[in-house]
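Here is the structure we will look at, set down as structure tokens.
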Amino acid sequence: MATVPQATVVKKTSGSNLPKRPVYLDYQATTPTDPRVVEAMMPYFVEKFGNPHSRNHEHGWEAEEAVEKARKQVAELIGADEREIVFTSGATESNNLAIAGVARFYKDRKDHIVTLQTEHKCVLDTCRHLEMEGFKVTYLPVKKDGLVDLDVLRNVITDKTVLVSVMAANNEIGVIQPLKEIGELCRARGVFFHTDCAQAFGKIPLDVEAMKIDLMSISGHKIYGPKGIGALFVRRKPRVRLVPLIHGGGQERGFRSGTLPTPLCVGLGAAAEIARREMADETAKLLKLRDRFYKSVTSRLPEVYLNGDMEHRLPGNLNLSFAYVEGEGLMMGIKDLSVSSGSACTSASLEPSYVLRALGVTEDLAHTSLRIGFGRFTTESEVDYAADRIVEAVTKLRQMSPLWEMAQEGIDITKIQWAAH
Amino acid sequence: MAYSEKVIDHYEHPRNVGSLDKNDPGVGTGLVGAPACGDVMKLQIKVSPDGIIEDAKFKTFGCGSAIASSSLVTEWVKGKTLDEAATIKNTEIAQHLALPPVKIHCSVLAEDAIKAAIGDYRAKHGQAKAAE
């Protein structure tokens, strides 16, 4: 097993003179590049630097060979043909290309797109943009557990629906949507099925044939690969056509012009290959760590609520609401943990997480949520340390919370007339 | 997102956390903000018979800047008369704590909390109109 590369940046935590890195528990935001991936990439910066599209010399051929090997490694992880993989700059570009590309190509016949309210911003924002171009978009609500209601989905599909875009795993709450059922439903109705697999690719088994997926967005840096590379699976049979976003030399079969970044492609391929070999073991390890953390926290703190379904969930994700303690205030108390908050205060918008709101989580509880992400390099002692720190900080902040005090006195805070500000 | 030294100091060593008996006629209580907005402050003052604030306590649900703002004002109001305390401005709080623009609302809330506590005390003593 590889170890995390030596940290080069050190940070002082208050009250201590020892330089110490915070414990990283934000694996849904990004992951460190696996040293094995970096090793695979290295030759393609200086030594094998050729342009993979140069067809007339050795330098080009060796770069092309590396890129095509990577394409195959990506395809193998999802049961696709390598000719169905288009390299992009990341999942955001893949989502843009898939949704806008399909919508624009088929616009003379169909003009309706279906997606979820809990999708990533890059899917929602692309859809909003298409609405301005005249497309109609249905943003489906989800159930309390974060999962799509298949009956509701079935009923909104019309003869005008060109695409259904439903993410595989949610970036905030980690819930995994029923891809196979959605795929079958779409295929039966002659609608393309796109799925944003930025969080799921390399983490859970995916098979584009069994799940009848037509387009799949893939990210490199969520699976211990480099940032700046992703891919889009585009089905060949039955064929999916796209209007490209980036025009130029016609690389990637015309779907995405621009010289491929050979080292990044190699990195994505290597990361996919490692994920394929180690997924089962890694899942078992993460479930054990997550369970250990969850039990450690909930056995010591009352009124901690899990957001999203526990069963259909990424193995490395937890999203918890610590009632009566505001998320950003809590993050400040656990500065030596790198976690993410669903609270308003961390964003410029001052609105709490729209994903939690879509689940029906009340605004006050949405403000108290933390996303805790475990990954390949998380250790048992880090999990124990994080649980202790969170329990400590929540306990201290609840002693300072007027809402906690009122709850202890039996006052129902939802019945109070609060002045909005 | 970096916090100022003063915000960190108040967050890590909050002054005057706690509660006073809200039914005590000498105590004024202000409860401002809303859970749905992500911050709620409870500020209490204990006023001596000659009208001096002799003690102040707070409890806050909110971010570090909200906690620091309320902690700071409990320090500032102590020893002041009600009229003096009522002149504390959110801009002074924001300036003292070096709050960034996105956190100005925390200082506004702290100012509102003092005013609400003074108003509550005055209402208890039939001075509601004088407070306006």
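Some points to look at:
- Bridge type composition, the protein assembly as shown - antiparallel percent by DSSP, nearest 5: 65 percent
- Across the stretch B:92-97, coupling constants 3J(HN,Hα) worked out from phi with the 6.51/-1.76/1.60 Karplus curve, θ = phi - 60°, read 5, 5, 4, 5, 4, 8 Hz, and Gly and Pro carry x.
- Peptide B:37-48 has a mean of 4 when you count, residue by residue, the C-beta atoms of other protein chains within 10 Å of its C-beta.
- Net charge of Cβ neighbours under 11 Å - reference B:His105; Lys, Arg +1; Asp, Glu -1: -2
- Here A:Lys144 is the anchor, and the aspartates and glutamates within straight C-alpha reach of less than 16 Å, apart from those fewer than 8 places off in the same chain, are A:Glu119, A:Glu172, A:Asp309, A:Glu311, A:Glu363.
- Peptides ranked, highest mean first, by Cβ atoms within 10 Å: ranges A:311-319, B:117-125, B:97-105: A:311-319, B:117-125, B:97-105
- Sequence-distant lysines (8 or more away, or on other chains) whose Cα lies within less than 17 Å of A:Lys48: A:Lys69
- Antiparallel DSSP beta bridges within the stretch A:162-243, percent to nearest 5: 50 percent
- Estimated [θ] at 222 nm from DSSP helical runs (n ≥ 4, -39500 (n - 2.57)) normalised by residues in chain B, nearest 500: -13000 deg cm²/dmol
- The modelled label-to-label distance for the pair A:Lys237/A:His59, using points 7 Å beyond Cα in the direction of Cβ, is 4.0 nm.
- Where A meets B: accessible area buried, both sides, 1.4 Å probe, Å²: 2700 Å²
- A Gaussian network model of chain A, with springs between Cα atoms under 10 Å, assigns the largest mean-square fluctuation among A:Asn56, A:Asn307, A:Asn96 to A:Asn56.
- Per residue solvent-accessible surface (Å²) - the protein assembly as shown, probe of 1.4 Å: 43 Å²
- Distant-in-sequence amide H partners of A:Asn317 (H built 1.01 Å from N, under 5 Å): A:Phe374
- For the stretch A:57-71, putting each phi into the Karplus relation 6.51 cos²θ - 1.76 cosθ + 1.60 with θ = phi - 60° gives couplings of 8, 4, 4, x, 4, 5, 5, 4, 4, 5, 5, 6, 5, 5, 4 Hz, in residue order, rounded to whole numbers and with x for Gly and Pro.
- Heavy-atom accessible surface of the stretch A:35-274: percent carbon and sulfur, 1.4 Å: 53 percent
- Peptide B:57-70, shielding by other chains (average Cβ, 10 Å cutoff): 6
- Other-chain or far-sequence residues with amide H under 5 Å of A:Asp111's (modelled H): A:Val162
- Whole-Hz Karplus values for the stretch B:54-71 come out as 9, 8, 8, 9, 9, 9, 9, 9, x, 6, x, 5, 5, 5, 5, 4, 6, 4 Hz, taken residue by residue from phi with 6.51 cos²θ - 1.76 cosθ + 1.60 and θ = phi - 60°; glycine and proline positions read x.
- With 21 Å as the limit on Cα-Cα distance, the pairs of A:Lys415/B:Lys42; B:Lys22/B:Lys78; B:Lys59/B:Lys115; A:Lys107/A:Lys222; A:Lys107/A:Lys227 that go past it are A:Lys107/A:Lys222; A:Lys107/A:Lys227.
- Each part reduced to its alpha carbon centroid, the stretch B:60-99 and the stretch B:1-37 end up 9 Å apart.
- Seen from A:Arg376, the other residues with C-beta closer than 9 Å to its C-beta sum to a net charge of -2, counting Lys and Arg as +1 and Asp and Glu as -1.
- A:His112 contributes about 20 Å² of solvent-accessible surface, heavy atoms of the protein only, 1.4 Å probe.
- The modelled label-to-label distance for the pair A:Lys227/A:Glu392, using points 7 Å beyond Cα in the direction of Cβ, is 3.0 nm.
- Antiparallel bridge percentage (DSSP; both residues within the stretch A:35-274; nearest 5): 40 percent
- Lysines with Cα under 24 Å of A:Lys20, excluding same-chain neighbours fewer than 8 positions away: A:Lys11, A:Lys12, A:Lys335, A:Lys396, B:Lys6
- Peptide A:400-412 shows a mean partner chain C-beta count of 4 within 10 Å per residue C-beta.
- Highest-MSF residue in chain A out of A:Ser299, A:Ser94, A:Ser338 [GNM, Cα springs under 10 Å]: A:Ser299
- Local electrostatic count, B:Arg15, Cβ distance below 14 Å [Lys/Arg +1, Asp/Glu -1]: 0
- Annotation for the stretch A:38-87 versus the stretch A:394-414: alpha-carbon center distance of 57 Å.
The values are calculated or read from the model by the stated rules, or taken from the named source; none is laboratory data. These numbers come from a predicted model, not from an experiment. Methodologically, a virtual Cβ is constructed for each residue, glycine included, from the backbone with ideal geometry; neighbour enumeration extends over all protein chains shown. These area figures cover heavy atoms from the full protein model, side chains too; ligands, DNA and RNA do not enter into them. Shrake-Rupley method; radii C 1.70, N 1.55, O 1.52, S 1.80 Å.
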